[in-house]
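In what follows, a structure is listed as structure tokens, so that the remarks can point back to it.
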Amino acid sequence: MEQADKRWLHRVLTLARRGIGTTHPNPRVGAVVVAGGEIAGEGWHECPGLPHAEIMALQKAGERTRDATLYVTLEPCAAQGRTPPCTEAIIAAGVVRVVYASNDPSPQMAGGADVLRAHGIEVQGSVFAAQTDKLNRPFFHFIRTGRPYVIAKAAVSLDGKLATGGGRSQWISGEQSRRHAHRLRAESDVIIAGAGTLRRDNPSLNVRHARRRGQPPLRAVICSEAPEFKSDYKLADGTALSRLYVKKTSKQGAMWQQAGVEVVQITTLEDVLRHLADEGRLAVLLEGGGRLHASFFEAKLADELVLYQAPILIGGQEATSLWHGLGINQLSDAPHLTDIERRRLGDDQLIRGRIVYPD
């Protein structure tokens, strides 16, 4: 790969990041048209139904698309979706070379590279793919599994505790960790907590200390039945769409609905994730307590773990652990992390990795 190609692929990746928070269920895509060694036009996919990144870049480039090179983070689509296939526009524009990073995992949309080659366009694919695959991890995960990508996030002590025996958890982690956590929220489509966290902490579940494009993430709480409604619950403050997922209906649920909080009846965690996927919410941030985390771990539905490990010890048999559930009996049954990232955030240590479950 030429140095110039690296430069332009860095640029399209930067453009694609502008779609965080607005593109799902579509992927995050950036595109640049380069003519005569300079940018003739660029764009990114903003939200479903609007032009794809390639179309925006081609339109801005105008007549300069003739004999130009198109750089894009994702293989151009070859089929009709909400908008016409990008391959048609690329061919009509007279582009002579296309360089893309990630292959399109969607069976309905893939094949764009072959279409372009069949029309005499030079195509170079799978370039810089690691970075762009990571950016679109929720989309790729949804295409493979049909469900959203779930990140379990928690602040823990050195001995793995989320809270003291008395339920105190604010603040285990330091300010830098909390700011990082809000950046994760800003990249999510939904933030999920459990009923215990709702009653104990009355969380806002909103984005602060970070820039968020588009509407605020959905705030959701999973519980057996709707907790007793109180007017001071921040979940009902009207600042963002809020929802209770309940296993059974109750009079309290009706009160939550009157306060503007949607109540959806479900049976399993899979039902929750399926409902979110049907709405196009593909990036889920799990912020519950130890029992909610345990339920996702034991159902093998948490896909990534982000821990902020603080240099403190809590101890005590009544203290809440990260996995406050059944756990495992054999070490061979233990999930483990891969693609691990470790770094300092103030006095805390960030530990992040994808979760791999034994077969």
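Summary of computed values
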read-out	value
Selection from segment 273-300 of residues that are closer than 25 Å to Pro358 by Cβ, part of a loop (DSSP other than H, G, I, E, B) and among the hydrophobic types (A, V, I, L, M, F, W, C)	Ala299
Test: residue in segment 224-244 that is closer than 26 Å to Cys47 by Cα, at pLDDT 90 or above, polar (S, T, N, Q) and in contact with a helix residue (DSSP H, G or I) (Cβ under 9 Å, 6 or more places away or on another chain)	yes
Selection status of Ala16, touching a Ser or Thr at 6+ places or on another chain (Cβ under 7 Å), closer than 17 Å to Asn136 by Cβ and part of a helix (DSSP H, G or I)	yes
Flag if Leu135 is touching a residue at least 60 places away in the same chain (Cβ under 8 Å), open to solvent by 50 Å² or more (accessible area, probe 1.4 Å) and either in contact with a His (Cβ under 9 Å, 6 or more places away or on another chain) or not β-branched (Val, Ile, Thr) (or both)	no
Residue, nearest to the chain's Cα centre (by Cα), within segment 94-113, restricted to residues that are within 13 Å of Gln124 (Cα to Cα) and surrounded by 21 or more Cβ atoms within 10 Å (Cβ to Cβ)	Ser102
Residue check for Arg200: touching a helix residue (DSSP H, G or I) at 6+ places or on another chain (Cβ under 8 Å) and among the basic types (Lys, Arg)	no
Breaking point among (1) surrounded by fewer than 20 Cβ atoms within 10 Å (Cβ to Cβ); (2) touching an Asp or Glu at 6+ places or on another chain (Cβ under 9 Å), for Phe140	(1)
Residue list for segment 39-68, filter: surrounded by fewer than 19 Cβ atoms within 10 Å (Cβ to Cβ) and not in a loop (DSSP other than H, G, I, E, B)	Ile39, Gln59, Lys60, Gly62, Glu63
Unique match (being over 20 Å from Phe139 (Cα atoms) and under 21 Å from the mean Cα position of the chain (by Cα)) among Leu241, Leu269	Leu241
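The values are calculated or read from the model by the stated rules, or taken from the named source; none is laboratory data. Predicted model, so just to flag it, every value in this text is computed and none were measured. Backbone-built Cβ (ideal geometry, glycine too); neighbour counts: all protein chains shown. Only protein heavy atoms, including side chains, enter the accessible area calculation; ligands, DNA and RNA are left aside. Shrake-Rupley method; radii C 1.70, N 1.55, O 1.52, S 1.80 Å.
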